[in-house]
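Note sheet for the following structure.
The values are calculated or read from the model by the stated rules, or taken from the named source; none is laboratory data. Owing to the predicted nature of the structure, the values given are computational and were not obtained by experimental measurement. Note: ideal-geometry Cβ built from the backbone for every residue, glycine included; neighbour counts use all protein chains shown.
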Amino acid sequence: MIEFRDVHKHFGQLHVLRGIDLSLSEREVVVVIGPSGSGKSTMIRTINRLEPIDSGSLVVDGLRVHEKNVDVNRLRRDVGMVFQSFNLFPHLTAAENIMLAPMRARGLSRRESRERAERLLAKVGIPEKADVHPARLSGGQQQRVAIARALAMEPKIMLFDEPTSALDAEMIREVLDVMRQLASEGMTMVVITHEVGFAREASNRVVFMDEGRIIEDSPTATFFERPREERARQFLSKVIKH
Amino acid sequence: MDITEFLQAHGLRPSTWPMFADPAIWRFFGEGIRETLLISVVAVAVSFVAGLLLALGRLSTRRWIRWPSIAWIESIRALPVLLLIVYFGIKGSSLFRPIFGPDFDLPRFWAGVLGLSMYTSAVLAEIIRAGILSLPRGQTEAARALGLSHPQTLRHVILPQALRLMVPAMMAQLTTVIKDTSLVGTIGVFELLRQGRTIYTQFFNPIEVLLIVAFIYFVICFVLSQLSRRLELGRAPRLARIKIQEVQLRDQAA
């Protein structure tokens, strides 16, 4: 479903991705962890071409993402993304946030989109918030709307870039619950998170990144019981203590 | 020295005061006010459309659109409005003859609108650009990540928010335009100040008339600025508002 081959990326002088090799099959849930500045975020953002790459190849759902003639908008319709800072559209209600892309990019009618929005809001547990603007929602509710918004395009892959890092402890759970449910329904997911509990329960594999490289790529159980790499071990001991 | 002599010594002419009881004088002022407001509204409407296009041009990723837009905006902003108005007043007709035929005569009203709009659109372009840039990057990213195209993102996500942020700045610009319509009198448009001049050159009482004209400008602009304060609604994030203000200040300094 997703295949990185020797992917490199620079930000000016900074070499942020130093030869990423990674492959994901359908229905797989991969958690990416690593210290800040390790390139996790950049890596996930290359999957829907929010960040261009300098060299290497990246194939997503059969599409060579970084080739010139690729229809990026088509690619992005099939790859949902959830951001750390939610990025809901503040001038639209929760339902309108969800309806926008299906109406404009998929050509659904207003009625169909509205039905879809209501169904998804029920799925993420806030059906009563359809006509509320984001400013009146809690962080956890906003992030759940953002997930519903991404799901409304019926994507084949979902990307999560630290979806709970901006949330208070009590709201983290409600968001993780939604993500857990998605994982159990067989969604292909790439999740950057430090939520060890979520990683243990919901993911098939854990990828540990540091300094632009993938240091370790192991099945979840193996990673948490006996991480191969010293750096991963150190990082884990720090994260789990918190 | 009695009071009449005192006033006359200061340039006032009490003997002309009865004329201000004549409704005809006020109808005359009224025509000026109507012309001033009409020119301002039309000029701002034209400038808004042109300014929006210029702002988008300046933000374009395509160099052959961006560079001409920057050059246009920066050079127009560096010219006095009066120069543009006079130019269209003199050359406006011949400028449009290739399009509208050899007998075309550009009405003075439209020459004034064009001069004012040309300058104002360049200023509005900068205000609109600041409004767009003040939105968090995440808004564009989220829209693009959903598969919306660049124009769709502008139309449905960026502009509705940016334009709302800019309402106060645009109201402020409207008051500037209202004051600048006084320049259009130089090419023979009978706006408020020009009407006043017509009156005082007949009655030799410029101080009285100019005081009245000043008061009318003041009332119009004061009401507008109060309105725009109401419209701020506290909705715009503070930071965005400050960024837009910076552009305005820079403009006033220029």
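Inspect all residues belonging to the range A:89-105 and state whether any of them is closer than 30 Å to A:Phe235 by Cβ, within 13 Å of chain B (Cβ to nearest Cβ) and aromatic (Phe, Trp, Tyr). No; the residues of the range A:89-105 include none that is closer than 30 Å to A:Phe235 by Cβ, within 13 Å of chain B (Cβ to nearest Cβ) and aromatic (Phe, Trp, Tyr). Residues in the range A:53-81 that are under 16 Å from B:Leu146 (Cα atoms), assigned to a strand (DSSP E or B) and either more than 14 Å from chain B (Cβ to nearest Cβ) or not β-branched (Val, Ile, Thr) (or both): A:Gly80, A:Met81.
Taken as a whole, the condition of being surrounded by fewer than 22 Cβ atoms within 10 Å (Cβ to Cβ), part of a loop (DSSP other than H, G, I, E, B), of a type outside the set (D, E, K, R) and free of Cβ contacts under 8 Å to residues at least 12 places away in the same chain applies to A:Ser36. Listed by position, the helices (runs of 4 or more DSSP H) contained in the range B:1-87 that have at least 3 residues being charged (D, E, K, R) and modelled with pLDDT of 90 or more are B:23-59, B:63-77. A residue that is surrounded by fewer than 17 Cβ atoms within 10 Å (Cβ to Cβ), within 14 Å of chain B (Cβ to nearest Cβ) and assigned to a loop (DSSP other than H, G, I, E, B) occurs nowhere in the range A:109-127. Please verify whether B:Ser93 is among the polar types (S, T, N, Q), assigned to a helix (DSSP H, G or I) and at pLDDT below 90, treating the condition exactly as stated. Judged against the criteria, B:Ser93 is a match. The residues in the range A:74-113 that are of a type in the set (Asp, Glu) and more than 19 Å from A:Pro127 (Cβ to Cβ) can be counted, and the count is 1. Would the range A:81-98 turn up any residue that is touching a strand residue (DSSP E or B) at 6+ places or on another chain (Cβ under 8 Å) and either among the small types (Gly, Ala, Ser) or farther than 19 Å from A:Glu154 by Cα (or both)? Scanning the range A:81-98, I find at least one residue that is touching a strand residue (DSSP E or B) at 6+ places or on another chain (Cβ under 8 Å) and either among the small types (Gly, Ala, Ser) or farther than 19 Å from A:Glu154 by Cα (or both), so the answer is yes.
Within the range A:184-197, is even one residue in contact (Cβ under 8 Å) with a residue 40 or more places away in the chain, buried (at least 21 other Cβ atoms within 10 Å of the Cβ), under 30 Å from A:Ile98 (Cβ atoms) and charged (D, E, K, R)? For the range A:184-197, residues in contact (Cβ under 8 Å) with a residue 40 or more places away in the chain, buried (at least 21 other Cβ atoms within 10 Å of the Cβ), under 30 Å from A:Ile98 (Cβ atoms) and charged (D, E, K, R): absent. The set of residues in the range A:39-60 that are of a type in the set (D, E, K, R) and surrounded by 17 or more Cβ atoms within 10 Å (Cβ to Cβ) comprises A:Lys40, A:Arg45, A:Arg49, A:Glu51.
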